[in-house]
1. Does residue 130 satisfy the criteria of being surrounded by fewer than 16 Cβ atoms within 10 Å (Cβ to Cβ), touching a helix residue (DSSP H, G or I) at 6+ places or on another chain (Cβ under 6 Å) and touching a residue at least 40 places away in the same chain (Cβ under 8 Å)?
2. Could you list all residues from region 81-106 that are touching a strand residue (DSSP E or B) at 6+ places or on another chain (Cβ under 6 Å), exposed (fewer than 15 other Cβ atoms within 10 Å of the Cβ) and within 17 Å of residue 136 (Cβ to Cβ)?
3. Go through 164, 139 for me and flag whichever is in contact (Cβ under 8 Å) with a residue 60 or more places away in the chain, in a loop (DSSP other than H, G, I, E, B) and crowded, with 17+ Cβ neighbours inside 10 Å.
4. Using beta carbons and a limit of 8 Å, which pairs, at least six apart or on different chains, have the first residue in region 85-97 and free of Cβ contacts under 8 Å to residues at least 24 places away in the same chain and the second one in a strand (DSSP E or B)?
5. Could you tell me whether any residue of region 33-41 is surrounded by 12 or more Cβ atoms within 10 Å (Cβ to Cβ), part of a helix (DSSP H, G or I) and either at pLDDT 80 or above or in contact with a strand residue (DSSP E or B) (Cβ under 9 Å, 6 or more places away or on another chain) (or both)?
């Protein structure tokens, strides 16, 4: 009987194939979110970032959703836990949080958007006031073309810049584009 030997390249090819599939899945997930996620437009406030290694980027602090009132929660939040924040659009177009919970709401009200975030810090208020919960959603920094960072920071300071967010059914979010004075100035490419 002759014994079949497995080439030493078979495990290498298998690992490379698995890595390629994993990368393809991650890219496909992002493309799906950007293409089919529900769009919402959020106001931002200025933050002054600088990094020699990351290139030009803008740190985005979302006025309405960055710091939640602890009264929105049915029970106290814990550091670094995942929360699902339900947003509702007001008459003027702004999105504001109306609820936050550890479990994703199964049936949000018509028109509401559920955004998945992580608790970044908790400030306990004195007396009977509820705690403030600082949230991160993975959409707090945005890389921009070289030389464009300062101009965008100025537009944020002037209150002109808004960020267009794509929100998927799971609550995951991605920056889809930028808007100045109601006009889209940049769309994130799918690839």
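The values are calculated or read from the model by the stated rules, or taken from the named source; none is laboratory data. Keep in mind it's a predicted model, so treat the numbers as computed, not measured. Quick reminder, even Gly has a Cβ in these numbers, built from the backbone with ideal geometry, and neighbours come from all protein chains shown.
1. Numbers: surrounded by fewer than 16 Cβ atoms within 10 Å (Cβ to Cβ): yes; touching a helix residue (DSSP H, G or I) at 6+ places or on another chain (Cβ under 6 Å): yes; touching a residue at least 40 places away in the same chain (Cβ under 8 Å): yes.
Yes.
2. 81, 82
3. Numbers: 164 fails: in a loop (DSSP other than H, G, I, E, B).
Every option except 139 fails the conditions.
4. 90/96
5. Scanning region 33-41 turns up at least one residue that is surrounded by 12 or more Cβ atoms within 10 Å (Cβ to Cβ), part of a helix (DSSP H, G or I) and either at pLDDT 80 or above or in contact with a strand residue (DSSP E or B) (Cβ under 9 Å, 6 or more places away or on another chain) (or both).
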